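Written below as structure tokens is the structure these notes are about.
The values are calculated or read from the model by the stated rules, or taken from the named source; none is laboratory data. Note that this is a predicted model, so its numbers are computed, not measured. Cβ coordinates were reconstructed from backbone atoms using ideal geometry, including for glycine residues, and neighbour counts include every protein chain displayed. With ligands, DNA and RNA removed, areas are computed over all heavy atoms of the protein, side chains included. Shrake-Rupley method; radii C 1.70, N 1.55, O 1.52, S 1.80 Å.
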Amino acid sequence: MIIAPIRISGNLDNPQLIVDVPLQTSFHVPSGTYRAVVSHISTRSRYASSSQPMIKILFGVDVPDTNINYLAKVELKLDMSEGSDLWNVLCRLIGRKALLDASGGTFNLNTLIGEPCDVEIEHIMDDAADHEFPLVVVANIQAAGTLVKETEA
């Protein structure tokens, strides 16, 4: 547990107790298109009973005019076949040539960490009455500057 330091200001009759509030982190990104950066990549099985390997890509999302550290994630099958979801995302982020150059060899997914990009966030409101927050989905991932133009910064 982190204990915030307390600063006391004001006077003896009306002391002000001021505490530091740490930067909040949230996956509840507002819907829209944003600049982002790939911040983490990991693998896992989709379900405990499944052996289907998945890649989880975590994005730091730059939501303007906010003081919240927004994060978004996408999980894709670990399938590097041309036309697969992972292949298509990588083509948009680093270019098709980089993947063709790796044909028959390997590609280090960790090289994507720090890669700037644009993401489109959608909210799914199915069964909204049953949930406090909508399902937040990364609907589109593109190269930086594709969805969010410089003038929108």
Ignoring ligands and nucleic acids, Glu122 exposes an accessible area, probe 1.4 Å, in Å² to the nearest 10, of 80
Taking placed amide H atoms and a strict 5 Å upper bound, the residues 5 or more places from Glu115 or on another chain that come that close are Val38
Carbon plus sulfur, as percent of the 1.4 Å-probe accessible area of the stretch 62-153, comes to 48
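Stretched out fully, how many nm does the piece from Lys97 to Ala143 gain, at 0.36 nm a residue minus the Cα gap?
On the way: separation 46, 0.36 × 46 = 16.56 nm, distance 1.43 nm.
Length gained, Lys97 through Ala143: 15.1 nm.
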Where a label projected 7 Å from the Cα of Glu115 along Cα→Cβ would reach, residues of the stretch 66-99 with amide N under 12 Å: 86-99
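Rounded to the nearest 0.05, what FRET efficiency do Ser51 and Ser26 give with R0 = 35 Å and r taken as the Cβ-Cβ distance? Could you check? Could you put the intermediate results ahead of the total?
Numbers: r = 32 Å, r/R0 = 0.92.
For Ser51 and Ser26, the calculated efficiency is 0.60.
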With a 1.4 Å probe and all protein chains kept in place, how much accessible area does Lys77 have, in Å² rounded to the nearest 10? 110
What order, most packed first, do the peptides 102-114, 135-147 have when packing is the mean number of other Cβ atoms within 10 Å of each residue? 135-147, 102-114
Quick calc, Arg7 & Asn108: beta-carbon distance into FRET formula, R0 41 Å, rounding 0.05, result 0.30
